[in-house]
């Protein structure tokens, strides 16, 4: 990837090394409710978000759909409310 800093007048460019991620890499950490003891942090991989939001078999979100962001961001339902429309061309 080539980065051009338009704030400099000399036009010097620099190269940036990009390392591709994996679908197994952690996307975020979600804490459990703690109903069976202390809350535990669960690491959610990128592929889990894709599986939830794209071609999931129960909610066909498309480019003309809008999804309300009503869930608390700390609740796992917010993952669907954010990513299902964004990954399918819809709106939040």
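For the chain, the strands (runs of 3 or more DSSP E) that sit wholly inside it and include 2 or more residues that are modelled with pLDDT of 90 or more are 26-31, 41-45.
If you go through the range 81-92 and keep only what is surrounded by 14 or more Cβ atoms within 10 Å (Cβ to Cβ) and in contact with a helix residue (DSSP H, G or I) (Cβ under 6 Å, 6 or more places away or on another chain), you end up with 83, 84, 87. Within the range 62-80, does at least one residue satisfy the condition of being over 25 Å from residue 32 (Cβ atoms), under 16 Å from the mean Cα position of the chain (by Cα), surrounded by 15 or more Cβ atoms within 10 Å (Cβ to Cβ) and touching a residue at least 24 places away in the same chain (Cβ under 8 Å)? Scanning the range 62-80 turns up no residue that is over 25 Å from residue 32 (Cβ atoms), under 16 Å from the mean Cα position of the chain (by Cα), surrounded by 15 or more Cβ atoms within 10 Å (Cβ to Cβ) and touching a residue at least 24 places away in the same chain (Cβ under 8 Å).
The values are calculated or read from the model by the stated rules, or taken from the named source; none is laboratory data. Predicted, not measured: the structure shown is a model, and the values here were computed from it. Using ideal geometry, Cβ is built from the backbone for each residue, glycine included, and neighbour counts are taken over all protein chains shown.
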